Structures are given as C-alpha cells and as structure tokens.
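Enquirer: My questions will all concern the structure given below.
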Amino acid sequence: MRVLKEDIQSIKGIGPKKAASFAKLGIRTIGDALSYYPREYEIQAVPIDISSIQEGLVALCIKWDGSPRVSWIRKGFSTTRIKAKDQTGVVDCIWYNQPYRANQFQSGKKYYVTAKAVKKSSGYQIQNPSVEEYNPDIHGKPQILPVYPLTRGINQRSLRSLIEEALKKLLSYSGNNNIENNNKVSNKDSKNYYKTTYVNNIDKFIASRYGLINKHEAWIKIHKPESKEDLKQAQRRLAFEEFLQLQVTIQYMRNNVQGKKSGMLITDYHNNLKDFLSRLAFKLTSAQEKVLNEVLLDMSNGKVMSRLVQGDVGSGKTVIAAAASFCAAKAGFQAAMMAPTEILARQHYESFKKIFYKQASSENSIKIGLLTGGMKVSEKEELKEELRNGNIQVVIGTHALIQDDVVFNKLGLVITDEQHRFGVRQRALLQDKGELDLPHMMVMSATPIPRTLAHILHGDLDLSTIDSMPPGRIPIKTYHVGSAYRERIYRFVNKHALVGNQTYIVCPLVEESEVMELRSAEEVYQDLSKGVLKDISMGLLHGRQKPTEKEEVVEAFAKGELQVLVSTTVIEVGINVPNAVIMIIENAERFGLSQLHQLRGRVGRGDKPSFCILVSDGRDEKTKQRMKVLVESNDGFEIAEKDLELRGPGELFGLRQHGMPVFQIANPMRDYDLYELAKEAAIEIINDPNKEQLYHLFLEKALETWIDVS
C-alpha cells in the first residue's frame with residue numbers, strides 16, 4: 001500500500017532535521033511509524049482541584065497567576081517559578097534548569113498539568129510539571145496513553161503526535177478522515193484499505209480463520225486503546241502475525257531440508273562408534289549416550305538430519321561432535337565443524353586430534369585439518385586443496401569455511417558450535433557446500449534454553465538435550481559483593497597466584513567511557529599491573545586486538561605463563577584452562593544471567609575448588625534478585641528459566657543475534673497458545689497443493705524477515 005511507503009516528511013511539521021532524529025528509531029516511513037509499538041502504557045489521570053492536592057503524582061487543570069520568575073542560583077543552575085490557580089486555590093510550580101519555560105505561558109488559557117506534588121512548610125509545591133493546553137475531550141476523562149522507546153531529540157509528545165498523524169493518513173487513504181470515531185473499521189473500508197492481493201488476503205486469512213481483528217484495527221488499538229480489551233485484541237493480532245511469519249519460515253525449512261532424502265547414509269556406525277569410544281579416557285554419561293544415539297540414528301535413517309544439541313557449560317557436547325564426525329569419516333564422508341572464534345576452533349582441533357590419533361595406525365587414522373582467517377595464505381591454499389581432493393576427512397574452522405573457494409570432495413556432516421553466534425543464513429551456506437545431497441546438520445549450544453522457548457527459537461531443528469553433568473565436577477562457589485570488597489578480592493587472587501592458580505577478571509567495556517561509569521578492561525589492567533598485583537604476571541584480552549595478538553595472550557594464559565587474565569566477554573566461549581579457579585566479573589549487573597553463567601563456566605574445569613565473584617553495586621531489587629539466582633544455582637537450565645522470567649525472551653541472550661527472532665509484540669511464554677495456532681496456520685499454507693500467489697508472497701516476506709536471503 002502506497003501510503004505505508006510515504007516518507008514521514010510528508011507530515012506537516014517534520015523537516016529533515018526532525019526526520020533524522022526519528023530515523024535513529026528506525027522510523028522513516030508512515031509504515032515504520034505505525035509499526036513502532038509502545039513499550040508500555042500509562043493512565044492519564046483526570047484533573048483534581050488544587051484544594052485536594054496530596055503528596056505524590058497529581059493532575060490539575062489550571063490557569064497561570066502572574067508572570068514567571070527565573071532565578072540563577074549559581075552558574076549552570078536556575079529555577080523558574082510561577083503560581084497556578086483554579087477555582088479552589090493557588091499552588092507554586094517550579095522547574096529546575098528549564099529557563100525557557102518562562103516564554104511558554106499565556107495568561108487566561110487553561111493548561112493540563114501533571115507532576116509530583118511535594119509538601120513544603122509554606123504549602124504544596126508542584127515540581128518540574130509537564131504542561132499542555134487543556135482539552136476537555138482529551139483531558140476530561142481517563143485515557144490509556146502509549147509510552148514509546150525514545151532517543152535524543154525525540155520526546156513522548158512528538159512521537160505520539162507523529163503516530164497520530166500516521167494513523168490519520170492511514171484512515172484518509174481508506175476514505176475516512178475521522179480517526180477519533182474509527183476504532184471500528186467496516187468491511188467496506190477494510191476492502192478499500194487493503195488494495196494489494198498480498199496484504200488483503202493474508203489479513204482476511206488471519207482474521208476469518210482465527211477470529212482476530214484486522215491489521216488496520218490492530219494498528220489503531222495498539223496506539224490508541226480505549227480499554228484493556230482493545231489492547232488485548234491488538235496485541236493478539238500483531239503477535240499472531242509475528243509468530244506466523246516465523247512459522248512459515250520454519251515449516252518451509254523443515255519441508256525443504258528435513259523432508260528430503262539423503263544419500264549421506266552413515267552406515268555401520270555401531271562398530272565405528274565402538275572404535276571411537278575405545279579411544280576415550282572416560283565413559284560417556286547416560287545423557288551423552290542418549291543424545292549421541294539420537295544423532296547417529298538421524299544420520300543413518302535416509303533423511304537429512306537437522307538437530308540442535310544443547311547442554312550446560314561442561315556437559316560434554318564436544319565429544320558428541322567428535323563421535324559424529326568420526327563415524328561420518330569412517331563411512332567415507334567429510335565432516336566440517338564451524339566455531340565462532342579462532343580460539344575455539346583451535347581448541348576443538350586439538351581435542352579432536354587427541355581422541356582420533358590415540359591408538360591411530362595407518363589403516364584407521366582420520367586426517368584432520370584446521371582452517372581459520374588468521375592462517376598464512378599458503379597454509380590455507382594447501383588445506384583447501386586437501387579438502388577438494390578428499391585427503392582431509394574432518395575440518396574445523398571459523399567463518400573461513402563458508403568462503404566461496406572452499407570446496408569439499410564429499411561433505412556428509414556439518415556442525416556449528418555456539419549456535420547463537422551464527423545466523424540461519426551462515427548455517428545454510430555451510431550446508432550448501434554439499435555437492436549432490438544436502439549434508440546432515442548438527443548445531444550445538446552451551447546456552448541452555450527452556451524447552452518451550454527452544455522450540456520457538458530453533459523450530460526448524462529437532463532438539464536433543466544433555467541434561468546431566470559428568471561425574472566428579474566440583475560446583476563453583478559464587479559470591480555477590482560490592483566494590484568496597486575489591487581490595488580483599490585481589491588479596492585472594494594474589495594468595496592463589498602464589499600457589500600456581502589462575503584468575504580471570506572480566507569487564508563490560510574495552511576502554512573507559514565518559515558516558516557510563518563502568519570498569520573497563522584497560523583501566524583494570526593498568527590499575528592492577530601497577531598496583532596490588534604488580535608482582536603477578538598479567539595479560540589483557542579484548543575484541544579490538546588483532547587475531548594473532550589474542551591468540552598469543554590466550555596461549556600464554558593456557559600454558560600458565562600468565563596468572564591473571566583481564567578480559568572482556570571475548571572469553572565467554574573458547575578458552576579451556578583447567579588451572580583457572582577464580583572468575584571475577586566487574587559490573588555484573590550489566591550482563592544477563594545466562595551470559596554470567598557462561599562466563600562462570602570458564603572456571604571449575606579442573607579438580608580444584610573454584611570461585612566466581614560478582615562485583616556489583618546495583619541496589620535495585622531486580623539486580624539483587626538476579627545476583628541471588630547465580631549465587632544459589634549452578635544449573636544452567638534453571639538459570640535460563642529465571643533469566644526468561646526476569647528479563648523476557650527478547651533479551652535472553654543479552655543482545656539481538658543475527659538470525660534470531662526478535663519479537664516486537666509477541667511473548668513466546670505468554671502467547672504460547674497463539675504460537676501453536678500460528679504453527680497450524682503455517683503448515684496449512686506450506687502444504688496447500690493449490691497455493692495461491694498470496695502464499696508465495698507471504699513465504700517470500702517471511703523468509704526476508706527471518707533469513708537474510710539477499
């Protein structure tokens with residue numbers, strides 16, 4: 001629909017400067033404005049008489065009494081005062097550091113004022129009031145007002161005004177200019193509104209089949225609800241559409257990947273598995289055996305495997321990947337494993353070699369290769385040639401594996417580690433390296449996700465969970481302390497360093513920030529290396545260093561040449577140092593619970609007692625709750641549940657990962673019934689033998705939304 005693509009500068013009062021501010025919020029068109037949903041709502045109060053004021057938030061209908069008076073208390077600090085009156089009395093209003101207010105008032109006009117009333121010895125004072133002209137139609141009754149996320153240069157009033165005008169344009173396009181009385185949209189208006197086949201038919205399909213309101217009505221009710229019921233109807237309609245787009249993509253991928261037959265049959269895996277297990281220095285747990293059996297059955301049943309293997313930090317996922325790769329190689333295929341960092345890729349490479357080459361002979365050896373961006377060009381070219389001619393059966397690498405010039409001889413298995421670090425498209429690019437048949441796909445994640453949410457985030461994959469830990473692991477003791485304990489903490493670090501133990505210190509920033517009062521890695525490193533830990537060998541690690549620099553620091557720490565490693569979250573995955581027994585996390589309130597649990601998992605990998613110290617001065621109740629969860633539990637799945645409960649599904653990983661669904665309205669836990677309905681609708685769309693053009697368009701739209709198909 002043309003109106004949705006109109007630039008917001010078509011709205012009176014929005015010029016290039018204001019449009020640039022709105023663009024920071026992703027609002028460039030009328031459609032963007034309509035799809036910019038409130039984060040919460042507030043109830044606009046009905047005005048009370050001045051004589052009824054009590055301490056707390058108040059709403060008044062007043063006129064100004066006299067002229068405003070601006071006083072400069074000192075340089076950079078001013079007050080603006082004026083009296084407000086109604087038929088019942090007079091009250092003082094004051095603004096701090098807002099001298100421009102003196103030019104905004106007109107005597108004789110009525111104003112709607114909302115503010116905090118504070119009791120003083122001389123009576124009540126209204127502090128920093130919000131002021132707008134009084135409109136009895138708007139301010140004379142309670143209203144549900146949307147509250148939007150903001151950015152510098154944009155306030156709630158200007159954003160509400162923009163969206164109000166966008167709604168008017170929408171209704172004008174539909175042939176109805178009266179937005180105030182148009183919360184009910186007739187079928188005729190709706191038909192005029194949805195002029196394109198795609199929008200019209202999708203909207204009709206959703207509304208008629210599932211008893212939901214149309215998109216037009218949903219937009220009005222999400223921005224201008226007149227009741228809680230209005231809001232509920234709008235949220236359900238918009239949430240359903242978000243789920244449906246995701247589910248169409250999932251069902252499409254299931255039909256086009258898992259439904260396909262595979263020529264990559266991993267035969268005789270029982271004997272090969274026995275061979276593999278004989279090389280291990282330990283026995284698999286029952287949880288590992290169960291998951292490995294699911295993986296190998298998938299690879300031998302004639303269909304393409306698409307499976308997610310998730311487990312807590314240290315639960316033993318790598319050995320599952322190694323076993324699957326071993327069995328694939330023994331069956332005559334190649335296996336490729338992609339890790340998010342060079343550090344982790346090299347670690348996996350060394351682990352695989354240790355297992356594969358134990359008891360190895362010329363008859364049963366499997367050749368393993370490593371491919372990363374940091375390697376010399378000549379090394380990379382040699383390895384690529386070995387892959388092309390099939391001399392390398394198992395290769396482990398980074399994103400370098402998905403480059404166009406990486407060609408496999410007979411790729412049968414693709415594994416991606418730390419799934420949340422890769423997008424769906426990156427997985428698909430590696431899987432597309434298979435020449436004739438699609439290779440089997442296994443993705444691994446050490447970020448435990450509650451099963452309900454896992455089905456939504458990874459609905460295109462079958463799910464396997466390693467739900468128990470190998471025996472003998474000592475639980476990590478976790479403490480939450482304030483910054484006042486730092487001196488005591490570093491004495492503890494020094495004491496452990498003297499007996500050969502190692503420590504991680506993790507900071508949220510690389511360098512000092514003028515905006516946020518947070519401890520940076522560089523600042524901590526400088527302070528400690530010149531101060532309390534000056535006699536201890538220390539290293540600094542962060543994402544801005546060159547790959548070779550990072551590798552040198554990590555290698556030195558792994559070898560024990562460094563006793564303390566100050567780092568950013570770059571060490572969240574990929575470093576396995578059994579001798580590291582202390583994890584200190586500065587400004588712990590800045591991290592999600594699941595991320596804190598991942599960081600904690602860097603210690604406790606040996607046979608010594610280990611400690612995690614969360615340093616945070618956050619005093620709000622939510623911060624205390626979150627820290628308490630970490631202190632009381634070492635169970636990643638339990639922690640993920642709490643993280644979900646406290647922060648919501650949109651922030652489970654702490655950031656918006658590429659390829660991960662980020663919902664604006666839908667809440668997978670709250671709206672699971674809608675998710676199930678959307679799944680049913682998506683299956684119907686995908687499996688309809690008489691697909692209309694609308695379904696192709698919807699599929700195209702869904703794929704663009706959830707997978708970067710460009």
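Enquirer: Among (1) in a loop (DSSP other than H, G, I, E, B); (2) at pLDDT 60 or above, where does Lys679 come up short?
Expert: (1)
Enquirer: Something else about it: Out of all the residues in region 463-486, is one or more exposed (fewer than 15 other Cβ atoms within 10 Å of the Cβ), touching a Leu at 6+ places or on another chain (Cβ under 8 Å) and without any contact (Cβ under 8 Å) to a residue 24 or more places away in the chain?
Expert: no
Enquirer: From (1) surrounded by 16 or more Cβ atoms within 10 Å (Cβ to Cβ); (2) within 23 Å of Asp137 (Cβ to Cβ), pick out the condition that doesn't hold for Glu42.
Expert: (1)
Enquirer: Outside the structural domain of Ile213 (by TED's automatic domain parsing), touching a strand residue (DSSP E or B) at 6+ places or on another chain (Cβ under 8 Å) and either modelled with pLDDT of 90 or more or closer than 30 Å to Trp95 by Cβ (or both): is that true of Pro129 in this structure?
Expert: Considered against the rule, which asks whether it is outside the structural domain of Ile213 (by TED's automatic domain parsing), touching a strand residue (DSSP E or B) at 6+ places or on another chain (Cβ under 8 Å) and either modelled with pLDDT of 90 or more or closer than 30 Å to Trp95 by Cβ (or both), Pro129 comes out as yes.
Enquirer: Then there's this: What residue, among those in region 115-154 that are more than 25 Å from Asp230 (Cα to Cα) and among the polar types (S, T, N, Q), is surrounded by the most Cβ atoms within 10 Å (Cβ to Cβ)?
Expert: Out of the qualifying residues, it is Gln125.
Enquirer: Moving to a separate point now. For Leu453, state whether it is over 23 Å from Gly601 (Cα atoms), hydrophobic (A, V, I, L, M, F, W, C) and surrounded by 15 or more Cβ atoms within 10 Å (Cβ to Cβ).
Expert: no
Enquirer: Among the residues of region 387-415, what is the count of those that are within 18 Å of Phe352 (Cα to Cα) and without any contact (Cβ under 8 Å) to a residue 40 or more places away in the chain?
Expert: Looking only at that region, the number is 1.
Enquirer: Consider region 440-492. How many of its residues are out of contact with any Cys (no Cβ under 6 Å at 6 or more places or on another chain) and not in a helix (DSSP H, G or I)?
Expert: Qualifying residue count, region 440-492: 34.
Enquirer: Moving on. Any idea which of (1) surrounded by fewer than 17 Cβ atoms within 10 Å (Cβ to Cβ); (2) closer than 10 Å to Cys327 by Cβ; (3) in contact (Cβ under 8 Å) with a residue 60 or more places away in the chain is the one His270 doesn't satisfy?
Expert: (3)
Enquirer: What are the pairs with Cβ atoms under 7 angstrom where one residue, in region 1-19, is over 16 Å from Ile163 (Cα atoms) and the other, located anywhere, is among the basic types (Lys, Arg) and surrounded by 11 or more Cβ atoms within 10 Å (Cβ to Cβ)? Sequence gap at least six, or different chains.
Expert: Met1/Lys195
Enquirer: Continuing with this model, one more query. Hey, Glu586 hits all of (1) closer than 15 Å to Ile489 by Cα; (2) out of contact with any helix residue (DSSP H, G or I) (no Cβ under 9 Å at 6 or more places or on another chain); (3) of a type outside the set (Gly, Ala, Ser) but one; which does it fall short on?
Expert: (2)
The values are calculated or read from the model by the stated rules, or taken from the named source; none is laboratory data. Here the structure is a predicted model, which means the values were calculated and not measured. Note that we place each Cβ from the backbone using ideal geometry, even for glycine, and neighbour counts take in every protein chain shown.
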